[in-house]
Amino acid sequence: MNKVIAFSLWGNDPKYTIGAIRNAELANELFPEWHCHFYVGEDVSEEIKSELLDLNSLIIEMGGSGWNGMFWRFFAADSENVMISRDTDSRLGLREKSAIEEWLKSDKDFHIMRDHPYHKTEILGGMWGARNGILKGIVKLIEEYDTGDFDQKYQVDQNFLREIIYPIVWDNAIVHDEFFDRLPFPKDAPPRTNTYFVGQSYDQEENPEYS
């Protein structure tokens, strides 16, 4: 069974393109048994794709670009593989690795992490994982999801996760969350700080968004 770290990538903003490369490097270092899958839009440069390929990542050409790309990484859950969904502007790290290992040792097929007071939604788009086909058919669910006719699609992926996916997985999930009375992160995980936590966003110079 493959272990997949799934990312979406479109556009040429270095916050995300350089972030993608950095995460591919970190995956090779920290998650050597996992494979990075980058679902990329048509506007991602050949140079960026080449660098990702050189780092042993798989490139899945999606065509198009824009907010729809937020869903692409979820496609990796439409299989029996173990997968985790991540953001290119966050950074893979040892804290989440400890939580992932605890999840994989459990009898639960879905994994949720929340690691900051701002993480108030049920499932964050870049902080969950699935295995054993629990979300087999998710591509069809995405295709059928009504995103509304509003122009602003911010957090539409998390709306989908809250409205459609959470009711499917809530009773078969392990939730690492120290803020809302769920399971603490493992004791061997590096401690959370004001600037270091799972889901922290970074720019291309590795400056954290939240401090």
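Here are a few things to note about the model shown:
- Of Lys108, Lys120, Lys49, the one that fluctuates the most in a GNM where the chain has Cα springs shorter than 10 Å: Lys120
- Distance in nm between pseudo-label sites at Gln204 and Trp67 (7 Å out along the Cβ direction from Cα): 2.5
- Amide hydrogen proximity for Cys36: with H placed 1.01 Å from N in the peptide plane, the residues at 5 or more positions away or on another chain lying under 5 Å are Ile5, Leu58.
- GNM flexibility winner over the chain from Arg73, Arg192, Arg114 (Cα, springs under 10 Å): Arg192
- From its DSSP helices (H runs of at least four residues, each -39,500 (n - 2.57)), the chain gives a residue-normalised ellipticity at 222 nm of -7500 deg cm²/dmol.
- Pairs of Cα atoms nearer than 8 Å and 6+ residues apart set the relative contact order; for segment 1-87 it is 43 percent.
- Maximal additional length on extending the Ser211-Glu25 stretch stands at 64.5 nm, based on 0.36 nm per residue less the C-alpha distance.
- Among beta bridges that DSSP assigns inside segment 98-190, antiparallel share in %, nearest 5: 35
- Estimated vicinal HN-Hα couplings, Hz - segment 162-170 in sequence order (Karplus 6.51, -1.76, 1.60; Gly, Pro = x): 5, 7, 9, 7, 4, x, 6, 10, 4
- Cross-link reach is defined here as a Cα-Cα straight distance under 28 Å, omitting same-chain residues fewer than 8 places apart; for Lys105 the lysines meeting it are Lys3, Lys97, Lys120, Lys136, Lys187.
- Computed FRET value (nearest 0.05) for Lys105 with Thr193, which takes r as the C-beta separation and R₀ as 25 Å: 0.45
- Between Glu80 and Asp146, the distance separating the two model label sites (each 7 Å from Cα on the Cα→Cβ line) works out to 3.6 nm.
- Judged by the ratio a/c of the largest to the smallest principal axis of the C-alpha gyration tensor, the chain counts as rounded, that ratio being less than 1.5.
- Extended-chain gain in nm, criterion 0.36 nm per residue less alpha-carbon gap, Met1 and Phe180: 61.2 nm
- Between Ser50, Ser98, Ser90, the GNM of the chain built on Cα springs shorter than 10 angstrom shows Ser50 fluctuating the most.
- Compactness of segment 117-198 as Cα Rg over 2.2 N^0.38 Å, two decimals: 1.27
- Residue separation of Asp43 and Arg162 scaled by 0.36 nm, minus their Cα-Cα distance, works out to 39.9 nm of gained length.
- Label-point separation in nm, Glu33 to Lys136, each point 7 Å along Cα→Cβ: 2.3
- Within segment 3-177, antiparallel bridges make up roughly 25 percent of the DSSP beta bridges whose residues both belong there.
Readers should treat all values here as calculations from the given coordinates under stated rules, not as data from a laboratory. Here the structure is a predicted model, which is why all the values come from computation and not from measurement. Cβ coordinates were reconstructed from backbone atoms using ideal geometry, including for glycine residues, and neighbour counts include every protein chain displayed.
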